[in-house]
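For reference, the structure is listed below as structure tokens.
A short reminder: the numbers here are calculations on the coordinates, not readings from a lab. Only a predicted model underlies this, so the values are computations on that prediction, with no experimental measurement involved. For neighbour counting, all protein chains shown are included, and Cβ atoms are generated from backbone atoms with ideal geometry for every residue, glycine included.
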Amino acid sequence: MANPEPELDPDRESAYALLQRGQSLIQRRHHAQAAIVLERAAREEPGKGSILEPLGRAYHHSGQFERARETFEELLEVDPSAHWAHFALAATLRKLGRTGEARTHLRLAVALCPTSELYRRALARVDPPTSKPDAAA
């Protein structure tokens, strides 16, 4: 009779252990290595925002901007109201030269978290206020 329970590999790291290891690598600025570890965690636990966020950061900081974009978009599918994810996606889109899309996500980040000076400053860099014509001219 077949065993109904899946076999557990004692040498296989849990998604949580992989997440912890990946975050430790990010803290030490080993972003490319962190991305590899966090990819494994994401395969173990697909669609988990707690894994997607550091994975996107690791991709972004290791220069893998297209992968970062995909990951931040997936994170926003999980939680569309995540203001930081909109901000991170905007930063990645700027790196990809997609300023118009970045502006949209920065506006969303500011709308979702209007007290964030970080978001407001980033938006001002891509959406500077238009100067009004001088009335005396």
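A few points about this structure:
- Just one of the listed residues (L75, L118, L96, L55) is touching a residue at least 12 places away in the same chain (Cβ under 8 Å) and in contact with a Ser or Thr (Cβ under 8 Å, 6 or more places away or on another chain), and it is L55.
- Residue count, region 20-37 (criterion: outside any helix (DSSP H, G or I) and surrounded by 14 or more Cβ atoms within 10 Å (Cβ to Cβ)): 1
- Criterion violated by P46 - all others in (1) surrounded by fewer than 18 Cβ atoms within 10 Å (Cβ to Cβ); (2) in a helix (DSSP H, G or I) satisfied: (2)
- Residues (of a type in the set (A, V, I, L, M), in contact with a Lys or Arg (Cβ under 9 Å, 6 or more places away or on another chain) and farther than 15 Å from S81 by Cα) located in region 93-120: L93, L96, A102
- Residue within region 50-73 that is more than 22 Å from L96 (Cα to Cα) and either out of contact with any Leu (no Cβ under 8 Å at 6 or more places or on another chain) or surrounded by fewer than 24 Cβ atoms within 10 Å (Cβ to Cβ) (or both) present: yes
- Looking across region 91-127, just one residue is surrounded by fewer than 16 Cβ atoms within 10 Å (Cβ to Cβ), farther than 23 Å from E70 by Cα and among the small types (G, A, S), and that is A124.
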